[in-house]
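Novice: Below: one structure in structure tokens.
The values are calculated or read from the model by the stated rules, or taken from the named source; none is laboratory data. Note that the structure is predicted; figures quoted are calculated from it, not measured. A quick note on method: Cβ atoms are made from the backbone with ideal geometry, for glycine too, and the neighbour counts reach across all protein chains shown. Side chains are part of the model used for accessible areas, which takes the heavy atoms of the whole protein and leaves out ligands, DNA and RNA. Shrake-Rupley method; radii C 1.70, N 1.55, O 1.52, S 1.80 Å.
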Amino acid sequence: MTTMTLEPPAVATPTADDVRRGELAAFLRSRRERISPEQAGLPRGPRRRTPGLRREEVAQLSSVGVTWYTWLEQARDIQVSSQVLDSIARALMLDRGERGHLFALANTVDPMPGADCTGITPALHAMLRGLEPYPACIQNARYDILAYNRTYGHLLCDLDAVPPEDRNCLWLYFTHPGWRAGTVDREEATRAMVAKFRSSMAEHLAEPAWKCLLRRLLDTSEEFRRLWARHEVADITSQRTRLLEQPRVGTLRLDYTSLWTGPTPGARLLTFTPADTETAARLERLHALVA
């Protein structure tokens with residue numbers, strides 16, 4: 001009589017992607033469980049047994065489907081866009097290091113600008129300082145503020161206190177109380193900025209950073225949604241006099257000039273010069289206060 005020996009079934013060796021998805025799932029669960037409903041602005045409700053937030057609450061805060069987010073925490077093999085990861089990172093209140101870890105585990109490039117911008121040369125920083133007391137900054141076509149001098153940094157708020165990922169003129173105009181209150185001609189200014197943003201975005205429709213910013217604005221601001229729905233466009237080089245109310249020195253009438261910093265359109269230097277002698281004196285006073 002022959003005795004058969006049954007071999008145990010072969011166990012598949014986890015691939016690198018399997019390990020990465022497992023790490024991503026564990027990281028998301030750990031970050032979700034440390035946030036209370038109150039921190040996220042949600043009611044606690046009766047009989048809550050889950051530590052931290054529930055999956056459906058993270059999905060709600062991130063504007064994604066509950067089933068899709070559940071699959072993400074179950075290490076399913078699904079595609080994750082940078083825009084969705086950005087929303088999840090904000091819902092889970094990740095700091096810069098945690099956000100970078102999230103994108104690394106998802107094997108996706110983080111579209112948001114970092115604290116340091118390698119494209120700003122020492123010469124450009126020296127130029128910004130040399131333009132003081134006039135406010136000046138360097139922006140890209142998406143309105144990210146890449147560098148600025150001291151006067152610009154205190155024009156409508158303390159920019160140093162704003163998280164680097166939020167240093168974007170569109171975002172600040174629609175969400176920051178100081179920028180909203182300090183723009184005297186706000187309705188005209190925001191309408192023009194949205195129209196210019198739409199014109200610029202025509203060349204960047206597939207780029208994650210642009211789609212990420214657009215989604216944030218549409219999710220956050222009813223005013224932006226209304227202006228975006230008008231489908232207005234404007235020449236990005238058009239210029240006009242700006243009227244600002246600076247809380248420490250008063251009303252400022254400023255003419256601004258936009259200059260490309262390289263041979264092809266990309267980053268640009270924005271300078272704000274006084275449109276009258278009273279504004280010139282007030283800029284000198286503001287510079288003395290912040291210096």
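Novice: Roughly how tilted is helix 82-91, in degrees to the nearest 10 and between 0 and 90, from the longest Cα axis of the chain?
Specialist: The helix 82-91 is inclined about 90 degrees to the chain.
Novice: How much net charge surrounds R191 when only other residues with a Cβ under 15 Å from its Cβ are counted (Lys, Arg +1; Asp, Glu -1)?
Specialist: Result for the local shell: +2.
Novice: If you add up the charges near R180, with Lys and Arg at +1 and Asp and Glu at -1, over every other residue whose beta carbon is less than 10 angstrom from its beta carbon, what do you get?
Specialist: So the surrounding residues net to 0.
Novice: Within the chain, which is the longest segment that contains none of the trypsin sites (Lys or Arg not before Pro) sitting in a DSSP loop with at most 14 other Cβ atoms within 10 Å?
Specialist: 77-229
Novice: To continue, here is another question. Relative to the first principal axis of the alpha-carbon coordinates of the chain, what is the inclination of helix 277-290, with its axis defined by its Cα atoms, in degrees from 0 to 90 and to the nearest 10?
Specialist: The angle comes out near 50 degrees.
Novice: Evaluate the charge dipole of the chain about its Cα centre and quote only its size in Debye, nearest 20, assuming +1 on the Cβ of each Lys and Arg and -1 on the Cβ of each Asp and Glu. Before the final figure, lay out the partial values.
Specialist: On the way: 38 positive and 36 negative charges, 134 e Å.
Value, rounded to 20: 640 debye.
Novice: Follow-up. Select from V58, G41, A189 the residue farthest towards the positive end of the dipole of the chain; place +1 on Cβ of Lys and Arg, -1 on Cβ of Asp and Glu, and compute about the Cα centre.
Specialist: So the residue furthest toward the plus end is G41.
Novice: List the relative contact order of the stretch 153-291 as a percent without decimals, with contacts defined as Cα pairs under 8 Å and 6+ residues apart.
Specialist: Working: 155 pairs, mean separation 26.9, N = 139.
For the stretch 153-291, the relative contact order is 19 percent.
Novice: If you don't mind, there's one more thing I want to ask. Does the stretch 171-269 come out rounded, prolate or oblate, given a ≥ b ≥ c as the square roots of the eigenvalues of its C-alpha gyration tensor, rounded meaning a/c under 1.5 and, failing that, prolate meaning a/b above b/c?
Specialist: Working: a/c = 1.88, a/b = 1.21, b/c = 1.55.
Verdict is oblate for the stretch 171-269.
Novice: Another question, then. Using the crude model of +1 on Lys and Arg Cβ and -1 on Asp and Glu Cβ, and no other charge, please compute the dipole size for the stretch 115-256 relative to its Cα centre, in debye to 20.
Specialist: Values: 19 positive and 19 negative charges, 45 e Å.
Result for the stretch 115-256 is approximately 220 debye, rounded to the nearest 20.
Novice: With a cut-off of 17 Å, note down the residues of the stretch 51-79 whose backbone N falls inside the zone around a label point 7 Å from the Cα of R20 toward its beta carbon.
Specialist: Those under the cut-off are 72-79.
Novice: Give the carbon-plus-sulfur fraction of the accessible surface of the chain in %, rounded to a whole number; probe 1.4 Å, heavy atoms of protein chains only.
Specialist: 54
Novice: Calculated FRET efficiency, R180 and E98, Cβ-Cβ r, R0 22 Å, to nearest 0.05? Write down the numbers at each step before the final one.
Specialist: On the way: r = 29 Å, r/R0 = 1.34.
Efficiency, from the Cβ-Cβ distance: 0.15.
Novice: Can you find, among L252, C157, P133, the residue farthest towards the positive end of the dipole of the stretch 130-253? Put +1 on the C-beta of Lys and Arg, -1 on that of Asp and Glu.
Specialist: The residue sitting farthest along the positive end of the dipole is L252.
Novice: Run the simple label-point estimate for D255 and N107 please: 7 Å along Cα→C-beta, distance reported in nm.
Specialist: Inter-label distance under the simple model: 5.5 nm.
Novice: Also, I was wondering about something else. For L42 and V233 in one chain, what is 0.36 nm times their gap in residues minus the Cα-Cα distance, to one decimal in nm?
Specialist: Contour length minus the Cα-Cα distance gives 65.0 nm.
Novice: Helix 208-220 versus the longest principal axis of the chain: what angle, 0 to 90°, nearest 10, using Cα atoms?
Specialist: So the inclination is approximately 80 degrees.
Novice: May I ask you to derive the relative contact order of the stretch 15-132, considering only C-alpha pairs under 8 Å and at least 6 residues apart, and to give it as an integer percent?
Specialist: 28
Novice: Follow-up question, since we're still on this one. Based on the alpha-carbon gyration tensor of the stretch 105-197 and its eigenvalue square roots a ≥ b ≥ c, which shape applies: rounded if a/c is under 1.5, prolate if not and a/b is larger than b/c, or oblate? Could you put the intermediate results ahead of the total?
Specialist: Details: a/c = 1.76, a/b = 1.09, b/c = 1.62.
It is oblate, given that a/c is not under 1.5 and a/b is not larger than b/c.
Novice: Taking springs between alpha-carbon atoms closer than 10 angstrom, which of A106, A181, A202 fluctuates most in the Gaussian network model of the chain?
Specialist: Of A106, A181, A202, the Gaussian network model singles out A202 as fluctuating most.
Novice: Continuing with this model, one more query. Distance in nm between label sites at A123 and T67, each 7 Å beyond Cα in the beta-carbon direction?
Specialist: The answer from the label model is 5.7 nm.
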